[in-house]
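Laboratory data are not the source of any read-out in this text; all were calculated from the coordinates shown. These figures come from a predicted structure and were not determined experimentally. With ideal geometry, Cβ positions are generated from the backbone for all residues, glycine too; neighbour counts draw on all protein chains shown.
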Amino acid sequence: MMNNTAMSNAWHHSRRGRGHRHKEQDRPNRERAVEQKAEDSVPRGACMTMCPAFELRQREAQNRLHRFEMLAGTERDRLPCADVSRAVKEYSRPAAGKDSTRASDLRPPSVLLKTVCYLVDDIAASSTFQPWTEVYSFVSDRLRSVRQDMIIQRVSGPDCVAVLEKSVRFLLYASYRLCGQPLQYYDPRINDTHLQESLSWLLESYRDGKHRHQEEFQALSLLYNLGSTHALQHVLELPERIRSSPAVQLALAVSRAHSERNPVRLLRLSQRLDFIQVCAVHRHLLPCRRDLLLLYSHGHSSRNCRYPLQRLARLLSLKDPLAAELCRVCGVSVSGEWVSFSKSSFTEAPSGDLQCRRTHEPVDDEQWNCPAGSVIHGCA
């Protein structure tokens, strides 16, 4: 028989146990309530056009419309009219006292994706809008605005991935096409910042599940960031099904050749890259070609040794005239169809002596003339 004290302790222990179990059972409900409250506080876009009506009226009145957004026939007016079907919300820096979360100023994910497709198909891929430096300036600003709307609304899922994939392809294509342009028209550092941010966000979004183009963009990230231990480690930690895909395996082989300072193998592997992959890796190719000439200048340094220019051009993955020009810039003697190497005459040429844009142009001219739209949509 239990005495009164023991019975009392047992009763209180039972009550505490029941209370603890109730708290444990209530915890998921409380967490769901907190998550629901946080989700309810996230702004939801209600603007169903590419540019909010308020901004459109404001820019129209202030004569701040881009010529790509003007209504045909009003371009020469004192205050040109906006074409609602062509005007796109511009990027604006967050400012104190400015509410950037109004539903009427935010575009929902479906409209954001539609906007990106318009920018690619009707602006970037258009043959009528020239020069392309102006096309780039307009599209890159509007894509930045799209990403800003996505951040405010915490957009995720397929629409987010589709927007980021097209943004990354556009920025990669632009880095290739506009390489060597004056800084007032194209700043590679700014483009690199936007590209790295978009790539990082995209790769993080891939963690949510399977995505159709994941292997392509994992490979592009590694090719663009050759020499980055972080980029290489990220790829090596991917699931086997992604890591063993042809695109990622080729990117890993290129990365290995780069880390081993094997320019001949790297340039040979680069011949197997598709166009958008060439866009990703091109900034590493000129230093790689200089490394090759440096190695040959030491390995074949001799007054009596001549090397066929045509064969060297194939190793450099360049047309003969460009190979000869690169040799001269680097202090390698060229005489007709032959080159002579000398380790004492080799010079580390300043980057401005031979534009990267010229040396990374593919041997196949049709590839360079590939339509921008098909490249950015991933159809090339």
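Quick notes
- Each residue of region 158-170 is assigned a 3J(HN,Hα), and the resulting list reads x, 5, 4, 4, 4, 4, 5, 4, 5, 5, 5, 4, 4 Hz, derived from the Karplus form 6.51 cos²θ - 1.76 cosθ + 1.60 (θ = phi - 60°), x at Gly and Pro.
- Summing charges over neighbours of Ser333, with a neighbour being any other residue whose Cβ is under 12 Å away from its Cβ, gives +3 when K and R count +1 and D and E count -1.
- From most to least packed by mean Cβ count within 10 Å, the peptides 104-114, 229-239 give 104-114, 229-239.
- Under-5 Å amide H pairs with Val339, H placed in peptide plane, nonlocal only: Tyr307, Leu309
- Residues with amide H under 5 Å from that of Ala82, placed H, sequence gap 5 or more: Leu71
- Taking amide hydrogens as placed 1.01 Å from N in the peptide plane, the amide H of Lys89 sits under 5 Å from those of Cys51, each at least 5 positions away in sequence or on another chain.
- Rounded to whole numbers, the Karplus 3J(HN,Hα) couplings from phi for region 43-57 are x, 10, x, 10, 7, 9, 10, 5, 9, x, 4, 5, 5, 4, 5 Hz, using 6.51 cos²θ - 1.76 cosθ + 1.60 with θ = phi - 60°, and x at Gly and Pro.
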